[in-house]
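One structure below.
Read-outs: derived from the displayed coordinates by stated rules, not from any lab. Keep in mind that this is a model prediction, so the values were computed, not measured. So basically every Cβ, Gly included, is an ideal-geometry build from the backbone, and we count neighbours across all protein chains shown.
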Amino acid sequence: SRPVVVDCDPGHDDALALVLAVADPRLRLLGVTTVAGNQTLDKTTRNALKILALAGAAEVPVAAGCDRPLVGELTVAEDIHGVSGLDGPDLDLPTGEPADVHGVELMRRLITESVEPVTLIATGPLTNVALLLRRHPEVAPLVRRIVFMGGSTERGNTTPYGEFNIVTDPEAADIVLRSGLPTTMIGLNVTHRALATDEIIAELRGLGSRLGTVCAELMTFFAGAYHRVFGFAHPPVHDPVAVAAVIDPAVLRTVAAPVAVELTGRHTRGATVVDLHDSTGRTPNADVAVDLDVEAFWRLLMAAVRTLGS
Ligand code: BDR
Ligand code: CA
C-alpha cells in the first residue's frame, strides 16, 4: 500500500476524503494535518479528529498546522460549511487529541521516517505544504508527489476565475507549483462532475451504519448550501477526487501542462492559469486533471463508507 499524508480543512468534502483515505486498502494513512480554510484551525482540527474517530481510525496522528494564509487574512467558507465547518449531522462523539507538534513538523517527521516516498494529498489551502517545502527542503526528494484539490482550468467558485483553496492562499499554491516536485492538480473542471445526487445520498443512508448516516447528513447539508449559494441542483464533492486519484489513477485523465498562479491580478488573484494549448512554451509543472470517470469514483467512495461501517 502507498503511504500518504492528508492535509485538510474539514469541511464536508474533506470529511469524505478522509473516509476514503482511511478505508481503501491501497493507501496507508500515516497522518493527518489540518489547516485554516473552510473554518478556523481549531474547528478544522476538531473536525478531522471527529471524522477519524467515526471511521475507526482514532490512532492516526492529527496535528494542527497553519492558522492563516502566508499573506493576508483568513476568510472562511461559513456559508458553505456552516459555523462548525461540518454542520448537519450530530457529531457529538469522543475523539483523540491533536499531537503536540505543529502540523508542518508532523509532516516532516512522517515523511522522514517513512521507508517509501510519501504522497501528500492536500484538500485545503496549500499553506502547510508550502511551509514544509520552504522550511525543510531536505524532505523534497522523499515526497513522491503532491496531489491537491484546487484551482480550475476554467471557472472559479470564489471569484469568477478563482477557486477557494487557491484564492485563500495564492502564495502557498505558487510555492508548491514552482517547487519542481511532481504535482497533480484536481480542479473544479473535474470536481464539478462528482455530484452527490439524491440517489447517492439515499445509497449512503441505506448502508444503515452510523458512518453512512453521517455521510448522508453531511451531503444533505452540503446540497442545501450549494443550492442556496451557487444554484447547484447537487453538490460537488471536490476533495475525495484527489484521494481517488492516488488510489486509482485510471479514475482521471490528466494532461501535463504549465500552471501558474496569478498573484497580482486585479480581478484574478488566486486564479490558476493552465496552459493546455502550449501558448507559453513553458515546461509543464503539473499533471492537470481534465476528465473524471464519475461512476468509478462513486464506486470507490461507496465501497469505503461500506467497509468502515461494517
Ligand atoms: C474546495 O473548497 C472547500 O470549500 C472544499 O472543501 C474544497 O476543498 C473547493 O473549492
Ligand atoms: Ca477542503
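In table form, for the structure just shown:
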{"item": "Residues GLU59 and ALA202, FRET efficiency given R0 of 35 Å [Cβ-Cβ distance, rounded to 0.05]", "result": "0.65"}
{"item": "Computed over region 205-256: relative contact order in percent, which uses C-alpha pairs under 8 Å that are six or more apart", "result": "16"}
{"item": "Over the chain: Kirkwood hydrodynamic radius from C-alpha pairwise inverse distances, Å", "result": "18.8"}
{"item": "Amide H partners (placed H, <5 Å) of VAL288, local residues excluded", "result": "MET185, VAL255, ALA256, ALA257"}
{"item": "Mean Cα-pair separation over length for the chain, i.e. relative contact order, pairs under 8 Å, 6 or more apart, %", "result": "20"}
{"item": "Stretch gain in nm, segment ASP275-ARG210, where the contour uses 0.36 nm per residue and the Cα spacing is subtracted", "result": "19.0 nm"}
{"item": "Footprinting exposure proxy for LEU211, LEU120 (fewest neighbouring C-beta atoms within 10 Å first)", "result": "LEU211, LEU120"}
{"item": "Calculated on alpha-carbon atoms, Rg and Dmax of region 75-184 in Å", "result": "15.9, 43"}
{"item": "Neighbour-count ranking [beta-carbon atoms within 10 angstrom, fewest first] of VAL139, VAL243, VAL259", "result": "VAL139, VAL259, VAL243"}
{"item": "Share antiparallel - DSSP beta bridges, the chain, percent rounded to 5", "result": "30"}
{"item": "Mean separation of Cα contacts under 8 Å (6+ apart) over length of region 168-310, as relative contact order %", "result": "34"}
{"item": "Kirkwood hydrodynamic radius of region 126-265, from inverse mean 1/r over distinct Cα pairs, in Å", "result": "16.6"}
{"item": "Dmax and Rg, reported as Rg then Dmax, of region 179-226 (C-alpha, Å)", "result": "14.7, 45"}
{"item": "GLU78, GLU295 arranged by Cβ crowding within 10 Å, fewest neighbours leading", "result": "GLU295, GLU78"}
{"item": "Quarter of Cα convex hull surface for region 128-189, i.e. mean projection, nm²", "result": "4.0"}
{"item": "Dipole axis of region 43-172 (+1 Lys, Arg; -1 Asp, Glu on Cβ), positive-most option in ALA55, LEU86, VAL167", "result": "VAL167"}
